[in-house]
Amino acid sequence: MKTCNTLMRGIVISMDENRQVFMDGYVAINDGKVESVGAFSECEYESDNNLGGSGFVILPGLVNVHSHLIQGCMRGMAEGTTFEERLFGFYYPMTGACDEERSYDAAMPSIMDLALRGVTTTADDHFTHLHKKSIDGVLAAVDDSGIRCRMARLTINDKDAVPEGFGETLDAGIAETERIKSKWENEKISVTASTIGITYCEPDQLIELWKWTDENNRQFDIHAPAVFDQKYLAARRGWEGGSFEWLDHVGILGPNVIAAHAQNLRPGEEKLIADAGASIALVPDMEQVLGLVNFNARPFLDSNITCGIGLDGAVVAYGHNMWTAMRGYLTAQRMGDQHRLMMSETDIKWTGEEVLYGSAEQALELATIDGAKALMMDDKIGSIETGKEADLVLIDRTEESHLTPMGSLIASLVYGNGPNQNAIEAVMVHGEVIVKRGQHQTLDHRKIVERSDQVQEILLDETNARQYLRKRSRFNWID
Ligand SMILES: [Zn+2]
């Protein structure tokens with residue numbers, strides 16, 4: 001027998017190329033990596049550190065491909081507000097008032113949400129740099145949590161889209177990106193440059209930002225096109241086409257582009273994306289919460305475009321739960337499909353022959369291996385395979401009433417909003433257990449909640465944003 005640092009046993013849902021599921025499987029971990037995986041009957045490893053066993057499920061760590069972690073300080077405030085109220089009333093002011101320390105406390109609840117529910121890699125897009133070290137606070141929180149992060153530092157400076165003081169020159173944005181890159185990059189954290197969306201940065205500077213990412217072999221992460229994109233593209237850039245047509249027109253729609261939301265495409269745009277080899281960050285949960293679009297991921301998936309699932313910021317992503325987003329992807333897609341069918345010219349008849357589009361398995365692919373591909377990290381993460389990082393989630397289904405019986409395990413996980421917190425036996429990153437039995441191993445949950453509450457109070461007072469809290473509430477809130 002060979003020895004390994006950790007030996008896990010359970011149902012192994014590998015997400016490898018052949019989608020092997022070992023009903024009685026093992027994962028042998030050495031030096032932070034998967035050394036061997038397969039059927040337990042063929043296991044040649046033993047260890048002093050054994051995890052799992054009968055009744056356990058082993059999955060690759062989940063991958064969240066779109067987020068604004070700092071928005072943890074204003075979770076849920078979207079309720080009862082308009083887009084402009086949100087953006088100029090509290091998104092910009094509240095995050096803008098976050099220095100390094102406040103940013104740490106604001107981001108930590110979002111990061112904890114991710115870690116506690118099995119996300120081992122997240123993307124982040126940070127765009128308020130009034131305090132240059134705000135982003136350092138977010139990265140410090142990520143670093144303390146132990147999860148991986150691909151951070152994009154977004155330079156913004158369009159005078160119509162960006163409040164005074166928030167704009168940066170291209171040189172300042174690049175210089176700061178270089179600073180945080182050399183300060184924070186390590187085994188788990190990577191840094192890139194970008195902007196929020198096409199109309200948030202002067203066009204020539206946006207192209208320069210993309211060039212920087214291309215030269216540095218990094219991703220270019222951009223919102224495109226939320227519903228508002230086409231409106232603002234016409235008004236501010238005189239461009240009547242779509243976001244992807246614009247990116248293609250200026251020559252920057254390349255394989256390193258990951259575009260968030262990407263709904264309401266114009267005809268032919270999916271072909272531009274497929275030809276470029278760009279990726280899409282679907283954000284189905286937020287699209288549903290805001291009810292902005294008639295969600296459709298099929299143009300991408302049918303064209304073999306790489307897609308992952310993202311949660312966006314806590315303003316609208318609430319519990320930051322990737323399992324909810326997986327379910328959200330399926331329900332949004334199916335409601336969208338039905339709507340498109342109803343609006344079409346065809347005579348609608350239910351025949352009983354229909355098979356619904358998508359599946360829980362497909363949603364899990366989007367949240368693991370496909371998300372890893374979308375972040376250009378699939379050589380390291382996204383599946384349980386020899387040589388890959390030991391980023392794993394170990395679920396104890398023996399105390400879960402909604403994960404039995406066994407017959408539809410993945411469907412029960414996805415449609416049932418995932419395991420309960422205390423059924424997460426372990427969340428492992430690079431072979432290290434960061435969450436055990438639903439508890440983070442080094443961070444104090446109570447303290448995080450306390451400090452997050454305090455930061456929100458301070459920010460509401462300082463920025464005059466309290467008027468948006470519980471805006472249009474019909475309840476009587478008695479202090
Ligand atoms: Zn976003």
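Taken together, the values in this text are just the output of simple stated rules run on the coordinates, not laboratory data. The shown structure was predicted, so the numbers you read here are calculated from the model rather than taken from an experiment. Using ideal geometry, Cβ is built from the backbone for each residue, glycine included, and neighbour counts are taken over all protein chains shown.
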- Gain upon complete extension [GLU187, THR82; 0.36 nm per residue less C-alpha separation]: 33.8 nm
- Calc'd 3J(HN,Hα), the range 247-257, phi into Karplus 6.51 cos²θ - 1.76 cosθ + 1.60 (θ = phi - 60°), Hz, glycine/Pro = x, comes to 4, 5, 4, 8, x, 10, 7, x, x, 8, 8
- Message: Using a Förster radius of 51 Å, what is the FRET efficiency between LEU130 and THR398 based on their Cβ-Cβ separation? Nearest 0.05, please.
- Response: 0.55
- Note on the structure: Residues meeting the amide H criterion for SER279 (H placed from the backbone, H to H distance under 5 Å, 5 or more places apart or on another chain) are VAL257, ILE258, ALA259
- Query: How far apart, in nm, are two points set 7 Å out from the Cα along the Cα-to-Cβ line at SER359 and at HIS445?
  - Reply: 3.5
- Item | lysines with Cα under 22 Å of LYS159, excluding same-chain neighbours fewer than 8 positions away | LYS132, LYS231
- Hey, can you rank 74-83, 231-240, 312-321 by average C-beta count inside 10 Å, highest first? 312-321, 74-83, 231-240
- Please list, in chain and number order, the residues 5+ apart from ASN294 or on another chain whose amide H is under 5 Å from its amide H, with Hs placed from the backbone. none
- Query: So, in Å, what gap is there between the alpha-carbon centers of the range 384-419 and the range 86-135?
  - Reply: 29
- Query: With each pseudo-label sitting 7 Å past Cα toward Cβ, what's the MET342-THR386 distance in nm, one decimal?
  - Reply: 5.3
- Peptides 207-214, 362-369 ordered by average Cβ neighbours within 10 Å, highest first: 362-369, 207-214
- Item | Segment PHE40-ASN304, length gained on full extension (0.36 nm per residue, minus Cα span) | 91.6 nm
- How large is ³J(HN,Hα), in whole Hz, for each residue of the range 82-91 in order, when computed from phi with the Karplus curve 6.51 cos²θ - 1.76 cosθ + 1.60 and θ = phi - 60°, using x for Gly and Pro? 8, 4, 5, 4, 5, 5, 8, x, 9, 3
- Message: What FRET efficiency comes out for LYS471 versus VAL21 if R0 is 56 angstrom and r is the Cβ-Cβ distance? Round to the nearest 0.05.
- Response: 0.75
- Message: Please list, ordered by chain and number, the residues whose modelled amide H lies under 5 Å from the amide H of GLY197; skip anything fewer than 5 residues away on the same chain.
- Response: HIS223
- Message: Taking 27 Å as the cut-off for C-alpha to C-alpha distance, list the pairs among LYS271/LYS373; LYS183/LYS211; LYS188/LYS271; LYS133/LYS373 that go past it.
- Response: LYS188/LYS271; LYS133/LYS373
- List the GluC sites (Glu not before Pro) within the range 26-75 that fall in a DSSP loop (any state other than H, G, I, E or B) and whose Cβ has at most 12 other Cβ atoms within 10 Å. GLU44
- Item | Set of aspartates and glutamates with alpha-carbon distance to LYS436 below 16 Å, sequence-local pairs under 8 removed | ASP113, ASP144, ASP391, ASP396, GLU399, GLU425, ASP444
- Message: If packing is taken as the average count of other Cβ atoms within 10 Å, what order do 278-288, 149-159, 108-118 fall into, highest mean first?
- Response: 278-288, 108-118, 149-159
